[in-house]
Each structure stands twice: as structure tokens, then as C-alpha cells.
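Visitor: Below is the structure I would like to discuss, written out as C-alpha cells.
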Amino acid sequence: EAGVVQSPRYKIIEKKQPVAFWCNPISGHNTLYWYLQNLGQGPELLIRYENEEAVDDSQLPKDRFSAERLKGVDSTLKIQPAELGDSAVYLCASSLAGGPVGELFFGEGSRLTVL
Amino acid sequence: DAKTTQPPSMDCAEGRAANLPCNHSTISGNEYVYWYRQIHSQGPQYIIHGLKNNETNEMASLIITEDRKSSTLILPHATLRDTAVYYCIVRVAYSGYALNFGKGTSLLVTP
């Protein structure tokens with residue numbers, strides 16, 4: 001079974017440009033997460049979806065970040081405009097809420113470099 | 001969620017047991033201890049979790065103290081591929097709640 005798929009793996013843009021990341025979760029997983037990971041730090045939650053509803057977006061900088069999960073399957077995270085400080089790895093994860101473990105499955109991440 | 005404290009780094013010789021400690025003195029009765037690891041340039045990977053009893057799977061063993069204020073992840077025979085950052089996380093289980101990662105312990109397994 002395929003794991004969580006993210007694209008692109010790497011993206012280099014100039015500041016003030018827009019960028020978008022895509023995530024396809026494991027089939028059947030109703031909960032999807034976007035995390036931000038800065039160099040040398042642990043991942044930090046940006047937003048959590050249950051099906052198509054964003055149930056926790058308190059850490060998402062809404063002035064420049066947006067996310068959507070249409071039809072409750074794949075998801076897109078957008079940054080517009082990007083700033084130098086947005087250089088980081090953006091991780092997507094999925095889980096089956098209410099499952100016996102509550103285990104999160106992570107993708108390999110999208111590494112963003114803003115010049 | 002309760003906070004956790006881990007040493008920033010540890011070394012282990014290949015073939016020896018790696019014992020990674022974690023303090024979680026404010027853990028609540030319904031919170032589990034989860035361990036994840038992150039190999040360089042990959043996403044975090046689930047290792048094991050437990051409530052109060054010791055747990056073992058094909059990857060590792062988890063030892064939780066009787067008062068549940070601390071735990072130890074044991075990799076019985078560390079290999080070079082176990083070099084990674086290990087995160088100890090406390091969270092209510094059986095839910096879709098997010099994991100709150102700290103900085104973890106960077107484990108270096110040496111030949």
C-alpha cells in the first residue's frame with residue numbers, strides 16, 4: 001500500500017513568490033496534518049483536518065498561508081507571498097482517527113528554500 | 001498534553017543496546033507515551049507506544065516506570081541505520097489529535 005505522498009520534494013523560489021505543496025494521504029485515512037519543520041527543530045503543527053474540515057488551524061499564519069482539503073482526500077498548502085523565514089521542510093501526515101493506535105504516517109516532506 | 005524532557009544527544013556503539021531516556025513528570029492518567037524517530041531527510045516514523053505496562057515490538061522495547069513519570073526506549077542491538085532523532089511524545093491515544101514534537105534526542109550509532 002502506498003504511503004503518504006508529497007510533492008514537490010524540493011522547491012527553490014525567490015521571496016514574495018507564491019508556492020504550493022500537495023499531499024495525498026494513505027487511502028481511507030480521514031485525518032490529515034500539515035507540519036512545519038525548521039532546521040534542528042521538531043515538527044510543529046500548522047493545521048489538522050478531519051475529513052474536509054479544518055479542526056485545528058490555530059498555528060497557521062493566515063495572512064500568508066492557506067490550506068484546503070477538498071473532498072476530504074488530498075490537500076494543498078499554499079504560501080503567498082513567501083518570505084525568507086519560510087525556508088523549512090513542510091511535512092504532511094495522515095491517520096485514521098479513532099483507530100487502535102492513533103499512529104500518524106508521515107510523508108518525506110517538501111523542502112522549501114526562499115532566496 | 002504533558003511536556004517531555006530528553007537529552008539532546010547520545011552515542012551508542014553498533015551492536016550494543018541503545019537506551020534513550022525521557023522524563024514526563026506531568027503525565028495524566030489517560031495519556032500514552034509515544035516514540036517516533038526521524039532519519040535524516042525523511043518524515044518521522046512511529047516506533048512504539050505504551051500506557052503503563054512495558055511494551056515490545058520488532059523495533060524496540062519501551063520501559064515505563066511504575067509512577068509513569070519517566071520512560072526508556074531500548075533498541076536492543078543498535079545498527080548504523082538507527083542513527084536518527086528520537087522523539088518522546090505524550091498524548092491521549094485513540095484519537096486524531098496531533099503529535100506535539102519537542103527537539104528529541106539525536107542518536108549517533110558508531111561502528
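Visitor: Between A:103, A:52, A:68, which gets the highest mean-square fluctuation from a Gaussian network model of chain A, Cα cutoff 10 Å?
Guide: Ranking A:103, A:52, A:68 by mean-square fluctuation puts A:103 first.
Visitor: Roughly speaking, what % of Cα-Cα pairs in the protein assembly as shown are separated by over 22 Å, rounded to a whole number? Intermediate values should be presented prior to the final figure.
Guide: Values: 13313 of 25425 pairs.
Every Cα pair in the protein assembly as shown considered, those over 22 Å come to 52 percent.
Visitor: Can I ask one more? Considering Cα pairs under 8 angstrom that are at least six residues apart, work out the relative contact order of the range B:21-79 and quote it in whole percent.
Guide: Worked out over the range B:21-79, it gives 32 percent.
Visitor: A further question on this structure: When chain B is treated as a GNM, springs tying every alpha-carbon pair under 10 Å, which of B:61, B:25, B:70 comes out with the largest mean-square fluctuation?
Guide: Looking only at B:61, B:25, B:70, the largest GNM fluctuation is found for B:25.
Visitor: Return the ratio Rg/(2.2 N^0.38 Å) for chain B, where Rg is computed over Cα atoms only.
Guide: 1.00
Visitor: May I ask you to sort B:37, A:111 by Cβ crowding, counting other Cβ atoms within 10 Å and putting the fewest first?
Guide: A:111, B:37
Visitor: Need one number: the % of Cα-Cα pairs in chain A sitting beyond the 22 Å mark. Spell out each step's value before the answer.
Guide: Working: 1759 of 6555 pairs.
Of all Cα-Cα distances in chain A, 27 percent exceed 22 Å.
Visitor: What does the charge add up to near residue B:108, with Lys and Arg as +1, Asp and Glu as -1, over the other residues with Cβ less than 15 Å from its Cβ? Mind dumping the intermediate values first?
Guide: Working: positive: B:16, B:37, B:81; negative: B:11, B:14, B:82.
That sum, taken over residues with Cβ under 15 Å, equals 0.
Visitor: Tell me, for the protein assembly as shown, which Cys residues have no other cysteine's C-beta sitting closer than 4.7 Å.
Guide: Cys with no partner Cβ under 4.7 Å: B:12.
Visitor: Determine the gain in length on full extension of the stretch residue B:45-residue B:66; use 0.36 nm per residue of separation and subtract their C-alpha separation, reporting nm with one decimal.
Guide: Details: separation 21, 0.36 × 21 = 7.56 nm, distance 2.66 nm.
So the extension gain works out to 4.9 nm.
Visitor: Of A:39, A:77, A:91, which is the most mobile in a GNM of chain A whose springs link Cα atoms less than 10 angstrom apart?
Guide: A:39
Visitor: Also, I was wondering about something else. Among A:84, A:46, A:27, whose Cα lies farthest out toward the positive end of the dipole of the range A:1-102, if unit charges sit on the beta carbon of Lys, Arg (+1) and Asp, Glu (-1)?
Guide: Going by the charge dipole, the pick is A:84.
Visitor: Simple spin-label model, 7 Å along Cα-to-Cβ: residue B:26 to residue B:108 in nm?
Guide: Those two pseudo-labels are separated by 3.2 nm.
Read-outs: derived from the displayed coordinates by stated rules, not from any lab. This one's a predicted model, so the numbers in the text were calculated from it and none came from an experiment. No Cβ is skipped: glycine too gets one built from the backbone with ideal geometry, and neighbour counts run over all protein chains shown.
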